[in-house]
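Each remark here refers to the structure printed beneath this line.
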Amino acid sequence: LEEAIEAYKKAISIKPDYAEAYYNLGNALQDQGTLDDAIEAFNKALSIKPDYAEAYNNLGITLKEKRKFDDAIEAYNKALSIKPDYAEVCNNLGNVLQDQGKLDEAIEAYNKALSIKPDYAEVYTNTTEILKVYTPQKELSHALFIIDQRIKMLSSRLTNSESNTEIISNLSEGLDYL
């Protein structure tokens, strides 16, 4: 990891306006746990390339790790304003909203992720985690009906291979809460 960081820094020294190098440096620093430096690298990438949705997403992930939830939400919303069909950002937004206790909003974000990418298994698991501890408000019943239908569809498509065992278990458990 240290070699990668040094390589990205070398690329930046050669070409200081190389947004992708700053982005990759941010990812490596995030993996290393150097979150403040990762945030700085993502922000530098965004100052060079302001429409870099992936950099906003990873900035959001890093801010969430630092428990800067409002800043993470802002980064995710910027990513979605650039790339509205970015399912991973919708999932990440749902995660941070869930961490804030904004469960209705989290369910809405997860539902949007599923409308973009119906086979996004991680979102089903995240939704199930909410439903274990929370009864949504009535106005979300339609969104939950859609999620319920998608869970049933996905679980019927999964086989009992080892890699899917945990997903199937979570989906089955989640169906009990709907």
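Given (1) at pLDDT below 95; (2) under 16 Å from Tyr52 (Cβ atoms), where does Glu122 come up short, assuming only one miss?
All conditions pass for Glu122, except number (2).
For the range 42-56, which positions are over 21 Å from Glu88 (Cα atoms) and hydrophobic (A, V, I, L, M, F, W, C)?
The one that is over 21 Å from Glu88 (Cα atoms) and hydrophobic (A, V, I, L, M, F, W, C): Ile48.
Which of the residues that make up the range 39-69 are more than 15 Å from Glu20 (Cβ to Cβ) and of a type outside the set (D, E, K, R)?
Residues satisfying the conditions are Ile39, Gly60, Ile61, Thr62, Leu63, Phe69.
Just one of (1) within 23 Å of Glu40 (Cβ to Cβ); (2) at pLDDT below 95 trips up Thr128, so point out which.
Single failed check for Thr128: (1).
Scan the range 1-12 for residues that are open to solvent by 80 Å² or more (accessible area, probe 1.4 Å) and either touching a Cys at 6+ places or on another chain (Cβ under 9 Å) or of a type outside the set (A, V, I, L, M, F, W, C) (or both) and jot them down.
The answer is Glu2, Glu3, Glu6, Lys9, Lys10.
Somewhere in the range 51-69, is a residue at positive phi and over 12 Å from the mean Cα position of the chain (by Cα)?
yes
When you look at Leu114, is it out of contact with any Gly (no Cβ under 8 Å at 6 or more places or on another chain), of a type outside the set (Phe, Trp, Tyr), at pLDDT below 95 and open to solvent by less than 10 Å² (accessible area, probe 1.4 Å), yes or no?
Criteria met by Leu114.
Of all residues in the range 88-111, which are at pLDDT 95 or above and of a type in the set (Val, Ile, Thr)?
Selection gives Val89, Val96.
The values are calculated or read from the model by the stated rules, or taken from the named source; none is laboratory data. None of the values given here were measured: they were computed from a predicted structure. Positions of Cβ are generated from backbone atoms using ideal geometry, with glycine treated the same way; all protein chains shown enter the neighbour counts. In case anyone asks, the SASA skips ligands and DNA or RNA and just uses the protein heavy atoms, side chains included. Shrake-Rupley method; radii C 1.70, N 1.55, O 1.52, S 1.80 Å.
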